[in-house]
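Just so you know, all these numbers are worked out from the coordinates, no wet-lab data involved. These numbers come from a predicted model, not from an experiment. We place every Cβ from the backbone using ideal geometry, glycine too, and count neighbours over all the protein chains shown.
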Ligand code: MLT
Ligand code: MN
Ligand code: ZN
């Protein structure tokens, strides 16, 4: 199985267009040692030729251009992306669908019923796309039972609902439903290896523990270092928990969670521009290095 990180940033990316925080400013001026990151998405393939896209970021056009395996090859119009799995209906994960409207086929989109509802009401991308390429929606099981995707022969998928948050625009933002947000295990049938992908993880439930225990590679929520990080920088009073993200530091934080599992690679993804781990010279980043926890970057390639 091949995994390509298309975008390792959270909503807004790094640097964010209107952000003058120390990190965004430091990256622009060159005083911060680090890399720019586009918004949250990965691509996964069993054969290196047919790809599944996880999330469709607003930065999708540049992400595809920067990854030759996704360039068209067969005929005048072609996509190497055979299906799209949506983890949730957040703006940073769904807006890129509009950029795929030129597709010569309806988009095959695998997501929960709650995500389908959000993308047909609060942010009616599916309804809009009906006037362009169209959407074929495939409901995915949330009980951990396996599902497969036609044309993606060597990968098998398992998903479970997560306690996180529906987007601010969702008609049920303050009324959580099963499937507002999911985690996905991808199993490679040729190597037997497993990836666990959960870029928005607010709470470590039994289904999460089980997925983490089984996976060879963890690509999990790296949004915030601290619960009140946005307030500390003076950006917003919103806390990590309120946004459905588990911070890395502190008791019960993501670093203490990751320490419990045997995965060969433990990688943080969906990193907000305020997170000090983006600064490669920061003490927080050095702590990750010492723990063997990696920070995803745009263009990161993994093979399992
Ligand atoms: C989130 O996951 O909380 C988002 O990155 C928020 C957003 O896209 O605005
Ligand atoms: Mn997000
Ligand atoms: Zn910033």
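How large is Rg over Rh for region 197-304, taking Rg from the Cα atoms and Rh as the Kirkwood inverse mean of 1/r across Cα pairs? Don't skip to the end; give the middle numbers.
On the way: Rg = 13.3 Å, Rh = 14.1 Å.
Here Rg/Rh amounts to 0.95.
The ratio of the alpha-carbon radius of gyration of the chain to the globular-protein estimate 2.2 N^0.38 Å is 0.94.
Taking the convex hull of the Cα atoms, report for region 120-184 its projected area averaged over all directions, in nm².
Working: hull surface 21.4 nm².
With the hull built on Cα positions only, its mean projection is 5.4 nm².
Applying 0.36 nm per residue to the separation of residue 256 and residue 102 and subtracting their alpha-carbon distance, the gain on full extension is 51.0 nm.
Each listed q (0.26, 0.33 Å⁻¹) maps to a log10 I(q)/I(0) for region 182-230, found by the Debye formula over equal Cα scatterers with no solvent: -0.97, -1.26. Shape annotation for region 57-98: C-alpha extents along the principal axes are 33, 19, 16 Å, from largest to smallest.
Grab the DSSP H runs of the chain that are 4 residues or longer, score each as -39,500 (n - 2.57), total them, divide by all residues and round the 222 nm result to the nearest 500 deg cm²/dmol. Don't jump to the answer; show the numbers that get you there.
On the way: 10 runs with 60 residues, N = 304.
Calculated mean residue ellipticity at 222 nm is -4500 deg cm²/dmol.
Which of 217, 111, 133 has the fewest other C-beta atoms within 10 Å, and how do the rest follow up to the most? Please report the intermediate quantities before stating the final value.
On the way: 217 20, 111 26, 133 15.
So the ranking, lowest neighbour count to highest, is 133, 217, 111.
Kirkwood Rh, region 250-291, all Cα pairs: how many Å? Don't skip to the answer; put the middle values down first.
Numbers: mean 1/r = 0.0880 Å⁻¹.
Across region 250-291, the inverse of the average 1/r is 11.4 Å.
The calculated P(r) of region 160-255, using every Cα pair and 5 Å bins from 0, goes 3, 13, 21, 21, 18, 12, 7, 3, 1, 0 in percent.
Stretching residue 284 away from residue 69 to a fully extended chain increases their span by 74.0 nm, per 0.36 nm per residue minus the current alpha-carbon distance.
Cβ-to-Cβ counts within 10 Å put 223, 274, 190, 121 in ascending order as 190, 121, 274, 223, the fewest first.
Quick one: Cα centre-to-centre distance for region 270-304 and region 148-205, in angstrom? If you average the Cα positions of each part, the centres end up 22 Å apart. Computing FRET efficiency as 1/(1 + (r/R0)^6) for residue 191 and residue 113, where r is the C-beta to C-beta distance and R0 is 30 Å, gives about 0.40.
Relative contact order of the chain: what whole-number percent is it, with Cα pairs under 8 angstrom and at least 6 residues apart? That works out to 19 percent. In terms of surrounding Cβ atoms within a 10 Å radius of their Cβ, 5, 220 rank from fewest to most as 5, 220.
Taking each residue as 0.36 nm, the span from residue 21 to residue 61 lengthens on full extension beyond its C-alpha to C-alpha distance by 11.7 nm.
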